[in-house]
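Engineer: Sharing a structure here in C-alpha cells format.
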Amino acid sequence: MRYSLFNVIVNGLTKNLFAERAWRDPDPRPAYDVLVIGGGGHGLATAYYLAKNHGIANVAVLEKGWIGSGNAGRNTTIFRSNYLLPGNEPFYEHSLKLWEGLEQELNYNVMASQRGIVNLIHSDAQRDAYVRRGNAMRLAGADSELLDAAQVRKLLPFLNYDDARFPIKGGLLQARAGTARHDAVVWGYARGADKLGVDILQNCEVTGFLRGADGAVTGVETVRGPIRAKKVALAVAGSSSRLASKLDLRLPIESFVLQAFVSEAIKPLIPGVFTFGAGHFYISQSDKGGLVFGGDLDGYNSYAQRGNLPVIEDVMEGGMALLPLLGRLRLLRQWAGLCDMSMDGSPIIDIGPLPGLYLNAGWNYGGFKATPASGWCFAHTIARDEPHPLTAAMRLDRFRTGHVIDEKGVGAQPNLH
Amino acid sequence: MLIPCPYCGVRDAQEFSYRGDAMPVRPDPAAPDAEEKFHDYVYLRDNPAGAFKEIWHHSAGCRRWVEVERDTLTHEIKATRFSAEGRRA
C-alpha cells in the first residue's frame with residue numbers, strides 16, 4: 001500500500017492502516033543472484049538500489065537479529081557533508097542530496113530535517129582550517145558558510161562564549177545538514193526493497209561461506225541452511241573483521257566502541273547540530289525533546305557494545321565546558337555501538353578481495369550519514385563489477401598503494417581517527 | 001577497567017596509554033619482500049572478537065610497556081607481563 005494522507009484518512013476510519021506488515025517475512029530460497037549480509041541501513045539501501053537502479057531483484061538481505069538492531073539503531077542520526085578531501089567530499093555530498101529526496105523516493109517518513117550543523121571555532125588556526133574545509137566543500141558543490149562570533153551567538157545564544165581557555169570565535173555552518181529518524185530509514189529501505197522483490201531474512205545469522213574450487217565465494221552457510229549466490233556482499237560494519245576471518249581475510253580495520261547519550265526531554269532548545277572544536281563533543285535535540293550527544297571512542301579494541309565510565313566523564317566535561325545548562329539535566333540513556341575503525345579513517349567499498357565477494361566496511365563513526373550513497377554506490381559496484389566514480393578512491397588496495405584518505409592526518413592508528 | 005601492572009599492581013586503566021595490537025612485528029626493511037611485509041605490519045589486523053594481546057604504556061605509573069591479554073567481548077583481563085620480556089608468541 002502506498003502511504004498518503006488520503007490513505008491515512010480512509011483507512012483510519014475503516015480499518016487499522018498499520019496492522020499490515022510493511023515487508024514480508026519469507027523463508028530463504030536455495031539461491032539468489034546477490035546476497036547482502038547485514039540488515040542495517042547500508043545493507044538494505046544496497047538491496048533497494050540493486051533492484052531500483054540496476055533491475056537486480058533476485059536479492060536477499062541476511063540479518064543475524066532483526067533489521068536495524070546493530071549500528072543502525074545505535075547512532076546519533078546526523079547527516080552532513082562537511083568533509084575536506086576529494087576522495088570523500090563528493091561521495092558525502094551525493095549522500096546529502098539523496099537524503100533531501102529520500103522520503104519521496106521511499107514513500108516513507110524518515111523524519112529527515114535539515115536543521116544545519118555548526119562546527120565551532122575557538123582559535124585563529126582553527127578558523128584557517130575551517131575556511132579551507134568550507135572552500136573544499138564548495139568546490140565539491142556542497143554548501144558552507146563561515147560565521148563570526150556574533151552570528152553564532154544569534155543562532156546558539158545559550159553557549160559559554162567567554163570560557164577563558166576556549167572562547168568561541170565563530171563557526172562553520174552547513175545549513176543543509178540535519179538529522180533523521182534512524183529506525184525509519186531502516187524500515188523505509190526495507191519496505192522499499194521488499195516491494196521491489198527483495199527477500200529480507202531476519203534471524204538468519206551467517207555461520208560460514210560456501211567456496212568454489214577456485215576459492216571463489218559461492219554462497220553462505222546460515223542458521224537457516226545454506227544459500228547459494230552468484231555474488232555475496234558484506235555490509236556488516238562493526239563486525240567486518242569477524243566475518244572476514246571466516247574467509248581467512250585480514251582487513252585494515254580494528255573494532256572500537258563509541259558511546260552515545262540522551263538526556264531527559266525538554267522543550268525545543270537546540271536548533272540544529274553543533275560540535276565543540278576544542279574537545280570532542282557534539283549535540284543535537286531529537287524531535288521527542290531529548291538532547292542527543294556524544295564524543296570520543298573508548299580508546300581500546302572492543303566488541304563489547306557497551307562503554308566504560310572514563311569516556312562518559314570526558315564527554316560530560318566537554319559538554320559542561322561548552323553548554324553549562326547541561327548540568328541541570330538528567331541523563332536518560334547511554335549506549336555504545338561497534339565501529340569498524342579503518343586505518344585511514346575512511347570507508348572501503350570495493351570488489352573482492354575474493355572472486356564473488358564484495359566489501360562495504362570501515363565506516364568508522366560516520367556510517368549513518370552515508371547510508372543512501374553507500375547503498376547507491378555499493379549496488380553499482382556489485383551490479384557492474386566496477387567501482388562507482390564517487391567511491392573510486394575508497395578501494396581496499398589504497399593501503400597497499402599509499403593512496404589513503406586520511407582526513408585527520410593521524411596515520412594508521414585507528415583509535416585516533 | 002583495572003589493569004594489573006606487573007610492577008605497580010592493580011591500577012586504573014586511565015593511568016595507561018593504549019598502543020594497540022601486540023602481534024604485529026616490524027619486518028626487516030632490507031628483506032626482498034619488505035614492501036609486502038610492511039603493508040601487512042602497518043595496515044592489516046586480526047581484530048579478533050575474544051582473546052586479544054595488546055600493548056599498554058603505564059604512562060602515569062612506572063612508565064613501562066605492558067602486554068595485556070584481554071577479552072575484547074567482556075573486557076576481562078587474563079594476564080599481564082612486561083613487553084620487554086622477550087618476543088610474544
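Engineer: Would you say A:Asn88 is surrounded by fewer than 22 Cβ atoms within 10 Å (Cβ to Cβ) and out of contact with any strand residue (DSSP E or B) (no Cβ under 7 Å at 6 or more places or on another chain)?
Structural biologist: Considered against the rule, which asks whether it is surrounded by fewer than 22 Cβ atoms within 10 Å (Cβ to Cβ) and out of contact with any strand residue (DSSP E or B) (no Cβ under 7 Å at 6 or more places or on another chain), A:Asn88 comes out as no.
Engineer: Do you know which of the residues in segment A:91-102 that are more than 15 Å from A:Gly366 (Cα to Cα) and without any contact (Cβ under 8 Å) to a residue 60 or more places away in the chain is surrounded by the most Cβ atoms within 10 Å (Cβ to Cβ)?
Structural biologist: Residue satisfying both the conditions and the ranking: A:Lys97.
Residues checked against (1) in a strand (DSSP E or B); (2) within 13 Å of chain B (Cβ to nearest Cβ); (3) of a type in the set (D, E, K, R):
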residue: A:Lys230; (1), (2), (3): yes, no, yes
residue: A:Ala233; (1), (2), (3): yes, no, no
residue: A:Ala237; (1), (2), (3): no, yes, no
residue: A:Arg242; (1), (2), (3): no, yes, yes
residue: A:Glu254; (1), (2), (3): yes, yes, yes
residue: A:Gln259; (1), (2), (3): yes, no, no
residue: A:Ser263; (1), (2), (3): yes, no, no
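Engineer: Given the conditions (1) modelled with pLDDT of 95 or more; (2) not in a loop (DSSP other than H, G, I, E, B), report the number of the one that A:Ile9 does not fulfil.
Structural biologist: (1)
Engineer: Would you point out the residue of segment B:58-89, among those that are within 10 Å of chain A (Cβ to nearest Cβ) and of a type in the set (A, V, I, L, M), that is nearest to A:Ala244 (Cα to Cα)?
Structural biologist: B:Leu73
Engineer: So how many residues does segment A:301-331 have that are exposed (fewer than 15 other Cβ atoms within 10 Å of the Cβ), more than 10 Å from chain B (Cβ to nearest Cβ) and in a loop (DSSP other than H, G, I, E, B)?
Structural biologist: 1
Engineer: Another question about this same structure. For segment A:332-343, give me each residue that is surrounded by fewer than 21 Cβ atoms within 10 Å (Cβ to Cβ) and either among the aliphatic types (A, V, I, L, M) or within 16 Å of A:His417 (Cα to Cα) (or both).
Structural biologist: Of the residues in segment A:332-343, the ones surrounded by fewer than 21 Cβ atoms within 10 Å (Cβ to Cβ) are A:332-335.
If the condition is that a residue be surrounded by fewer than 21 Cβ atoms within 10 Å (Cβ to Cβ) and either among the aliphatic types (A, V, I, L, M) or within 16 Å of A:His417 (Cα to Cα) (or both), then A:Leu332 is the only one that fits.
Engineer: If a residue has to be in contact (Cβ under 8 Å) with a residue 60 or more places away in the chain and within 28 Å of A:Gly212 (Cα to Cα) to count, how many in segment A:351-373 make the cut? Lay out the reasoning, then the answer.
Structural biologist: Here is the first cut: in segment A:351-373, the ones in contact (Cβ under 8 Å) with a residue 60 or more places away in the chain are A:353-363, A:365, A:367-373.
Among the residues that remain, those that are also within 28 Å of A:Gly212 (Cα to Cα) are: A:353-362.
Count: 10.
Engineer: From the list A:Leu44, A:Leu62, A:Leu35, A:Leu50, which one is in contact with a Cys (Cβ under 9 Å, 6 or more places away or on another chain), surrounded by 15 or more Cβ atoms within 10 Å (Cβ to Cβ) and of a type in the set (A, V, I, L, M, F, W, C)?
Structural biologist: Numbers: A:Leu44 fails: in contact with a Cys (Cβ under 9 Å, 6 or more places away or on another chain); A:Leu35 fails: in contact with a Cys (Cβ under 9 Å, 6 or more places away or on another chain); A:Leu50 fails: in contact with a Cys (Cβ under 9 Å, 6 or more places away or on another chain).
The unique qualifying residue is A:Leu62.
Engineer: Looking at segment A:268-280, can you tell me whether even one residue there is in contact (Cβ under 8 Å) with a residue 24 or more places away in the chain, not aromatic (Phe, Trp, Tyr) and not in a loop (DSSP other than H, G, I, E, B)?
Structural biologist: Yes, there is a match, as at least one residue in segment A:268-280 is in contact (Cβ under 8 Å) with a residue 24 or more places away in the chain, not aromatic (Phe, Trp, Tyr) and not in a loop (DSSP other than H, G, I, E, B).
Engineer: Got at least one residue in segment A:200-219 being in contact with a helix residue (DSSP H, G or I) (Cβ under 7 Å, 6 or more places away or on another chain) and closer than 30 Å to A:Arg2 by Cα?
Structural biologist: Yes: segment A:200-219 contains one or more residues that are in contact with a helix residue (DSSP H, G or I) (Cβ under 7 Å, 6 or more places away or on another chain) and closer than 30 Å to A:Arg2 by Cα.
Engineer: For residues that are among the small types (Gly, Ala, Ser) and in contact with a helix residue (DSSP H, G or I) (Cβ under 8 Å, 6 or more places away or on another chain), scanning just segment B:2-57, find the one that is nearest to the other protein chains (Cβ to nearest Cβ).
Structural biologist: Ranking the candidates gives B:Ala49 first.
Engineer: Could you list, in sequence order, all residues of segment B:66-83 that are farther than 12 Å from B:Ile3 by Cβ and surrounded by 16 or more Cβ atoms within 10 Å (Cβ to Cβ)?
Structural biologist: B:Asp71, B:Thr72, B:Ser83
Engineer: Check A:Asn135, A:Asn109 and return the single one that is part of a helix (DSSP H, G or I) and over 21 Å from A:Phe276 (Cβ atoms).
Structural biologist: After applying the criteria, what remains is A:Asn135.
Engineer: Could you list, in sequence order, the residues of segment A:344-362 that are part of a loop (DSSP other than H, G, I, E, B), touching a Leu at 6+ places or on another chain (Cβ under 9 Å) and surrounded by 24 or more Cβ atoms within 10 Å (Cβ to Cβ)?
Structural biologist: At the first step, the residues of segment A:344-362 found to be part of a loop (DSSP other than H, G, I, E, B) are A:344-347, A:352-356, A:362.
After this cut, where a residue has to be touching a Leu at 6+ places or on another chain (Cβ under 9 Å) as well, the list is A:345-346, A:352-354, A:362.
The answer is A:Gly345, A:Gly362.
Engineer: Every residue in segment A:25-64 that is closer than 16 Å to A:Lys231 by Cα, assigned to a loop (DSSP other than H, G, I, E, B) and touching a helix residue (DSSP H, G or I) at 6+ places or on another chain (Cβ under 6 Å), please.
Structural biologist: A:Ile56, A:Ala57
So that you can scan it fast, the table gives a plain yes or no per residue for (1) basic (Lys, Arg); (2) under 19 Å from A:Tyr92 (Cα atoms); (3) crowded, with 22+ Cβ neighbours inside 10 Å:
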| residue | (1), (2), (3) |
| --- | --- |
| A:Asp143 | no, yes, no |
| A:Leu146 | no, no, no |
| A:Ala149 | no, no, no |
| A:Leu156 | no, no, no |
| A:Asn160 | no, no, no |
| A:Gly171 | no, no, yes |
| A:Gln174 | no, yes, yes |
| A:Ala180 | no, yes, yes |
| A:Asp183 | no, no, no |
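Here is a yes/no grid of residues against (1) assigned by TED's automatic domain parsing to the domain that holds A:Gly170; (2) more than 15 Å from the chain's Cα centre (by Cα); (3) modelled with pLDDT of 95 or more:
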{"site": "A:Leu85", "(1), (2), (3)": "no, yes, yes"}
{"site": "A:Pro90", "(1), (2), (3)": "no, yes, yes"}
{"site": "A:Leu96", "(1), (2), (3)": "no, no, yes"}
{"site": "A:Arg127", "(1), (2), (3)": "yes, yes, yes"}
{"site": "A:Ala142", "(1), (2), (3)": "yes, yes, yes"}
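Engineer: Here is a follow-up. Against the conditions (1) within 12 Å of another protein chain (Cβ to nearest Cβ); (2) at pLDDT 95 or above, where does A:Asp298 fall short? Just the number, please.
Structural biologist: Among (1) within 12 Å of another protein chain (Cβ to nearest Cβ); (2) at pLDDT 95 or above, A:Asp298 violates only (2).
The values are calculated or read from the model by the stated rules, or taken from the named source; none is laboratory data. Keep in mind that what you see is a predicted model, and the values were worked out from it rather than measured. Cβ: placed from backbone, ideal geometry, glycine included. Neighbour counts: every protein chain shown.
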